[in-house]
1. Only one of Glu140, Glu145 is in contact with a Pro (Cβ under 8 Å, 6 or more places away or on another chain) and open to solvent by 50 Å² or more (accessible area, probe 1.4 Å); which?
2. Tell me yes or no: at least one residue of the range 199-206 is open to solvent by 50 Å² or more (accessible area, probe 1.4 Å), among the charged types (D, E, K, R) and closer than 18 Å to Lys144 by Cβ.
3. Inspect all residues belonging to the range 91-112 and state whether any of them is crowded, with 18+ Cβ neighbours inside 10 Å and at pLDDT 85 or above.
4. So is Ala225 closer than 18 Å to Asp32 by Cα and outside the structural domain of Leu174 (by the TED database) or not?
5. Out of Asp80, Asp32, report the one residue that is exposed (fewer than 14 other Cβ atoms within 10 Å of the Cβ), touching a residue at least 24 places away in the same chain (Cβ under 8 Å) and part of a helix (DSSP H, G or I).
6. Report, by residue number, each residue of the range 197-214 that is of a type outside the set (Val, Ile, Thr), more than 23 Å from Asp32 (Cα to Cα) and part of a helix (DSSP H, G or I).
7. Among the residues of the range 155-172, which ones are under 19 Å from Glu140 (Cβ atoms) and without any contact (Cβ under 8 Å) to a residue 40 or more places away in the chain?
8. Taking Ile152 as meeting all but one of (1) open to solvent by less than 40 Å² (accessible area, probe 1.4 Å); (2) modelled with pLDDT of 85 or more; (3) part of a helix (DSSP H, G or I); (4) out of contact with any Gly (no Cβ under 9 Å at 6 or more places or on another chain), write down the number of the exception.
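The values are calculated or read from the model by the stated rules, or taken from the named source; none is laboratory data. Note that the structure is a prediction, hence the values are computed from the model and not measured. Here the Cβ is made from the backbone with ideal geometry for all residues, glycine too, and neighbour counts use every protein chain on show. The area values use the complete protein model at the heavy-atom level, side chains included, leaving out ligands, DNA and RNA. Shrake-Rupley method; radii C 1.70, N 1.55, O 1.52, S 1.80 Å.
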Amino acid sequence: MLRTPSGGAGSGTAARDSGLMSIGTVLSVLRDEFPEVTISKIRFLESEGLIEPQRTPSGYRKFSAGDVERLGHVLRMQRDHYLPLKVIREYLDAVERGEAAPLPLVGRQRTAEDGPEPQERPTVARVGKAELLAAADIDEGELKEWESYGLIAPVEDGVYDAEAVTVAALIADLGRFGIEPRHLRVMKAAADREAGLVDQVVAPLKRHRNPQTRALAEARTKELAAQTTKLHAALVRTALGVRLP
């Protein structure tokens, strides 16, 4: 089940106080279960009528907890049942109207007899500076400061990896607790060391000429990234003596 962040005192905007979330925060919530989801994907689902987030006077999207839950349902039905978006939209609309709609049978779970699932061509998600600022709900001064500490870096002039949205949103959230960017350099250094360890493990696979072996290297990298992230979080919780609900 998706966990949506609760608003706190001193959040800074009426949108946050009312429990609405920026698209960057929504991305962070969804990636716990759907690590491949991107801002472009969320916007595409909106254009297809799957969700209707509110808009601020400046035109920024603001999502409710209900919007996030609906997005989770959409992504889950795509992943688990291979349903087209039109069918998913009609099904969810019927459920929201209180109709006892059966789960459509257009798609089905893949079985071993089907063979391996076709792999999508890998793509590298990118966002522009304006999109990053809007998604993370930050200003250019904040972004410049975070870049000076090495917390965020463009992959090229004015273009960022999509993961920068998640990083920016988390830095902003920590800032509301008084944790400044200079305090986060130790976290960045630890992350770089962990990434170096993963790269060292998968390097022999990446150098292989066989395309399937290189694909295995990518899958192994994702798996190790997930495991090292979980281990890091568990170690921090242990050091603090806290347990998450």
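1. Sole residue among the options that is in contact with a Pro (Cβ under 8 Å, 6 or more places away or on another chain) and open to solvent by 50 Å² or more (accessible area, probe 1.4 Å): Glu145.
2. Scanning the range 199-206 turns up no residue that is open to solvent by 50 Å² or more (accessible area, probe 1.4 Å), among the charged types (D, E, K, R) and closer than 18 Å to Lys144 by Cβ.
3. Yes, because at least one residue in the range 91-112 is crowded, with 18+ Cβ neighbours inside 10 Å and at pLDDT 85 or above.
4. Yes.
5. Asp80
6. Matches in the range 197-214: Gln200, Ala203, Pro204, Leu205, Lys206, Pro211, Gln212, Arg214.
7. Scanning the range 155-172 gives Val155, Glu156, Asp157, Gly158, Val159, Tyr160, Asp161, Ala164, Val167, Ile171, Ala172.
8. Exception for Ile152: condition (3).
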